[in-house]
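FYI, it's all coordinate maths here, none of it is from the lab. None of these values were measured; they are calculated from a predicted model. Note: ideal-geometry Cβ built from the backbone for every residue, glycine included; neighbour counts use all protein chains shown.
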Amino acid sequence: MDEDKLDNLLVGDMEKEDVPILKPILYTSKKFYMLVFILVVIILIGVLAWIFQLRRGLGITGLNQPIFWGIYITNFVFFIGISHAGTLISAILRLARAEWRRAITRSAEVITVLVLFFGVFNIVTDLGRPERMFKVFTDGKLSSPLLWDVVSIGIYLIASAIYLYLPLLPDIALMRDKIKNKTKRSFYKIFALNWRGTEKQWKILERAISIMAIVVIPIAVSVHTVVSYVFAMTIQPMWHSTIFGPYFVTGAIFSGIAALILAMYFIRRSYHLEDYLKPIHFNNLGLLLLIMSLLWFYFTFTENLTAFYGADPAHLTVFWAKFTGGYAPYFWTMVTCCLIIPLIILSNRRTRTVTGTMIASVSVIIGMWLERFTIVLPTLINPRLPYVRGMYHPTWIEFAVTAACFATFILLYILFTKFFPIISIWEVKEGKKIGVKETEERIKSYLPGKE
Amino acid sequence: MPRWGMVIDLDKCTACQACVVACKAENNIPFSSPKEAGRRRIISWMSILSMMEGEYPNLRARFIPRPCMHCDNPPCVKVCPVGATYKNDEGLIAQVYTQCIGCRYCTNNCPYTLKYFNWFTPKWPKEMENYLNPDVSIRNKGVVEKCTFCHHRLQKAREKARVENRELKEGDYVPACVQTCPTEAIYFGDLDNSKSTVAQLARSPRAFRLLEELGTEPKVYYLSEGEWHG
């Protein structure tokens, strides 16, 4: 579809540069519907599996005694980890005044808000009595780390939803003013909250955004720390570890950046936003990913060396299960995916391209899921007393529900891009108008000589 | 208030598993199929842990019957998000089936792996349905259950004592496993009463508890085997 036709859908004059960002909202291709269809099929299979599980009981999963937790809890930790993509990265970049953030913050923040639901959903799926889940609100006991999770994730969900919504306001107002279609306009009118773009409104908005950017950081850090506490507060070998808090937060940011790069890669490709999401963005995020990869390795190394050298038999059993035993294939795939592949691709400027960082991100996503898996399973399978040991064999139910989680997340994400600009229009514009000058002045202020 | 505890003399135990069967019959524990048993889904509040120690030819087999340890410092209780498992005044660890949401956090934090989960709706062969114990509620799918030291027997004994207008005495009540044991290897009573058999046996130099180093303070004591065991 050419741009003249798109102009017909808009009221008045539109700045040429904004049109590509609005294109996904104004026009939907056949490929998009195809993708939605495939996703819906995957979701339906998952829903079927879930209904089956609700009716029969958790017995139709691969769980058993003593493997009480499996893929669902792995997914829970994984999805909550991915949620660190958005809010945390975007808040840090905003506070650090990293100018290159402008085109990427929105796509990051959406990941956070959406993916949190799937973290929560996986906990609910894992419950033997999901219909009683509201008891955590009515009869919650604060002595349980699970309740710390409920509180922390609840606050995080609210805070990151606000943090997504605030910078969205001016863009929604823009849509309200520019789109011809009447029903669509009234939709945006509701969400625009009477935004007129007056000087006073801008002042309030900018203040609110910067306050939220500060507030969400400790909340985000607390969320994944508390997730790690679910394991660390127990007395089980290799769960009961003081390093778990920072280790999980690092892993969360690590997998979060990878998820963000992936999302950006597909937005850029399918909506032809090459001019906005440039190789430099991927390069910078790639460097961040590289740093996180090394940091993740440092934690993994410390954690395992401590267990090995201390040589407590209970810990050693879990350690060997990971290094040479039944979980070795997963463990070493994890090391390859989280360290070796990203290190090779990202430490070289020639391979740190758009495609290169995408490949590294896919690798990190797979690796970090396996990391959560190899934290949950080997410990459960090797309890302190000598039982008959076995392996955990998940059933198709668990795989179908997991696939449906991913599919629903992708579906909601691409639907978001159909209703709201996935690149912040006003922030990019602000970058051009103010950012360039501001940065120049800032650099000058670093240098010797009077201002 | 008595502090109920148990002493199991491993010297007397023949690993006949009568306690296991008695417990299942007493507490309405559902039958398991060979298929589910192979998948390690058996519920058995009393179970015998068999351990092989040493290497051939110097082997030694050990059999340790394990009910819930009813820890004084129970790791399972503090992690429960809804208070479905708690320690009562007499030190018994109770599980409220109607409150349990089935998150299985307690099962994971039990270092002895002695809490059990209902993977399916419980089933009995038709002929067995008439033999269910009316004093013990049946647990539905999706909740955690465990040994209660036959708490329903304690309630009955207490009621009886009240009718007879007297204090509850030791010996008014014992769990089904204790009652059944053919070699009388299991003792039960008040650990706080220094004259009781269990309190005296618990002070024996042969006495030990499982994973004592974790500080869970179990109320189940074991008397270790003598040297003649090969």
Karplus 3J(HN,Hα) series, Hz, for the range A:106-112 with 6.51 cos²θ - 1.76 cosθ + 1.60 (x for Gly, Pro): 4, 4, 6, 5, 5, 3, 3
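What does the net charge come to around A:SER90 if you take all other residues with beta carbon closer than 14 Å to its beta carbon, with K and R at +1 and D and E at -1?
Working: positive: A:ARG94, A:ARG97, A:ARG101, A:ARG102, A:ARG106; negative: A:GLU99, A:GLU109, A:GLU427.
Residues near A:SER90 contribute +2 overall.
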Karplus-derived 3J(HN,Hα), 6.51/-1.76/1.60, for each residue of the range A:401-412, Hz, glycine and proline x: 5, 4, 4, 5, 4, 4, 5, 5, 4, 5, 4, 5
Footprinting exposure proxy for A:ARG350, A:ARG129 (fewest neighbouring C-beta atoms within 10 Å first): A:ARG350, A:ARG129
Alpha-carbon centroid distance for the pair the range A:189-208 / the range A:66-84, whole angstrom: 39 Å
Using a Förster distance of 45 Å, the FRET efficiency for A:TYR165-B:ASP11 (Cβ separation, nearest 0.05): 0.05
Loop-located trypsin sites (Lys or Arg not before Pro) in the range A:193-257 whose Cβ has at most 16 other Cβ within 10 Å (DSSP): A:ARG196
Residues whose placed amide H lies under 5 Å from that of A:ILE179, excluding near-sequence neighbours: A:VAL11
Inter-part distance where the range B:126-154 and the range A:315-381 are each reduced to a Cα centre, Å: 46 Å
Cα shape, the range B:47-166, gyration tensor, a/c 1.5 rule: rounded
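As a test of the definition: which semi-axes, in Å, follow for chain A when you take the square root of five times each eigenvalue of its alpha carbon gyration tensor? Largest first, please.
On the way: eigenvalues 324, 136, 89 Å².
After scaling each eigenvalue by five and taking roots: 40, 26, 21 Å.
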Helical contribution to [θ] at 222 nm, DSSP H n ≥ 4, -39,500 (n - 2.57), averaged over the protein assembly as shown, rounded to 500: -17000 deg cm²/dmol
Cα-only radius of gyration and Dmax that characterise the range B:4-223, units Å: 17.6, 60
Whole-Hz couplings from phi, Karplus 6.51/-1.76/1.60, listed for the range A:258-265; x for Gly and Pro: 4, 4, 5, 4, 4, 4, 4, 4
Residues with amide H under 5 Å from that of B:GLY189, placed H, sequence gap 5 or more: B:GLY5
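Ranking A:ILE162, A:ILE42 by Cβ neighbours within 10 Å, fewest first, what do you get?
Numbers: A:ILE162 15, A:ILE42 18.
Starting with the residue having the fewest Cβ neighbours, the order is A:ILE162, A:ILE42.
Give the order of A:ARG97, B:ARG209 when sorted by the count of other beta carbons within 10 angstrom, beginning with the fewest.
Values: A:ARG97 11, B:ARG209 17.
Result, fewest neighbours first: A:ARG97, B:ARG209.
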Proximal lysine pairs, the range A:65-390, alpha carbons under 27 Å, eight or more residues apart or interchain: 7
Amide hydrogen neighbours beyond the local backbone of B:LEU49, cut-off 5 Å, H modeled: B:ILE64, B:ARG66
Peptide B:69-80, shielding by other chains (average Cβ, 10 Å cutoff): 2
Principal-axis tilt of helix A:279-310 within chain A, Cα atoms, nearest 10 degrees: 20 degrees
Rounded Å value of the spacing that divides the Cα centres of the range B:56-81 and the range B:181-230: 13 Å
